[in-house]
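Coordinate-derived values only; no laboratory data. On a predicted model such as this, the values are computed, not experimentally measured, just so you know. In this analysis, Cβ positions are derived from the backbone assuming ideal geometry, glycine residues included, and neighbour counts consider all displayed protein chains.
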Amino acid sequence: MKLDQTKELIHGTIDESEPYEALVHILESVIELVKIPDNDFCWSYWEDSDQAAKEITKLLKMAKSYKLPERVEVSVLFAPTGPLQEVS
């Protein structure tokens, strides 16, 4: 697994002056990370990586269309007890 978007994000190549593109980059990275084989979804409300990727892709499509998803839809993903943390 390459994790190209995640590597770019870690190395700081994201353009913070372009908020929609930054959100797209972050969400693409999140999809890469939830698709890592052997992730354990038993504590997350997602059944598996496909279900997680489907939910995140919905937000990604909105950001690519320059529409902001509801703040709670994005923030809950990254919350301390949110589904992403429960996969980690």
Checklist entry - Taking springs between alpha-carbon atoms closer than 10 angstrom, which of PRO19, PRO37, PRO69 fluctuates most in the Gaussian network model of the chain? => result PRO37
Checklist entry - Where in segment 12-88 are there chymotrypsin sites (Phe, Trp or Tyr not before Pro) that are in a DSSP coil and have at most 14 other Cβ atoms within 10 angstrom of their Cβ? => result TRP43, TYR45, TYR66
Item to check | Rounded tilt (10° steps) of 49-64 against the dominant C-alpha axis of the chain | outcome: 20
Checklist outcome for this item: Quarter of the surface of the C-alpha convex hull for the chain, i.e. direction-averaged projected area in nm², equals 5.7
Item to check | Mean residue ellipticity (222 nm) of the chain, computed from DSSP H runs ≥ 4 via -39,500 (n - 2.57), nearest 500 | outcome: -17500 deg cm²/dmol
Checklist entry - By a straight-distance test (C-alpha under 20 Å), which aspartates and glutamates pair with LYS7 as possible cross-link partners, with residues fewer than eight away in the same chain excluded? => result ASP15, GLU16, GLU18, GLU21, GLU28, GLU32, ASP38
Item to check | Computed E for LEU68/ASN39 - FRET, C-beta separation, R0 35 angstrom, nearest 0.05 | outcome: 0.80
Checklist outcome for this item: Sites removed, the longest contiguous part of the chain containing no DSSP-loop trypsin sites (Lys or Arg not before Pro) with at most 11 other Cβ within 10 Å is 3-66
Checklist entry - Using alpha carbons only, how many degrees (0 to 90, rounded to 10) separate the axis of helix 19-34 from the longest principal axis of the chain? => result 20
Checklist outcome for this item: With the charge dipole of the chain built from beta-carbon charges (+1 for Lys and Arg, -1 for Asp and Glu) about the Cα centre, the Cα from MET62, MET1, SER49 projecting farthest to the positive end belongs to MET62
Item to check | Where GluC sites (Glu not before Pro) in DSSP loops with at most 10 other Cβ within 10 Å are excluded, longest remaining stretch of the chain | outcome: 17-46
Next on the checklist: Placing unit charges on C-beta atoms (Lys and Arg positive, Asp and Glu negative, everything else neutral), compute the dipole magnitude of the chain about its Cα centre in debye, rounded to 20.
Outcome noted: 220
Item to check | Point-to-point label distance, ILE10-ASP48, nm (Cα→Cβ direction, 7 Å offset) | outcome: 2.7
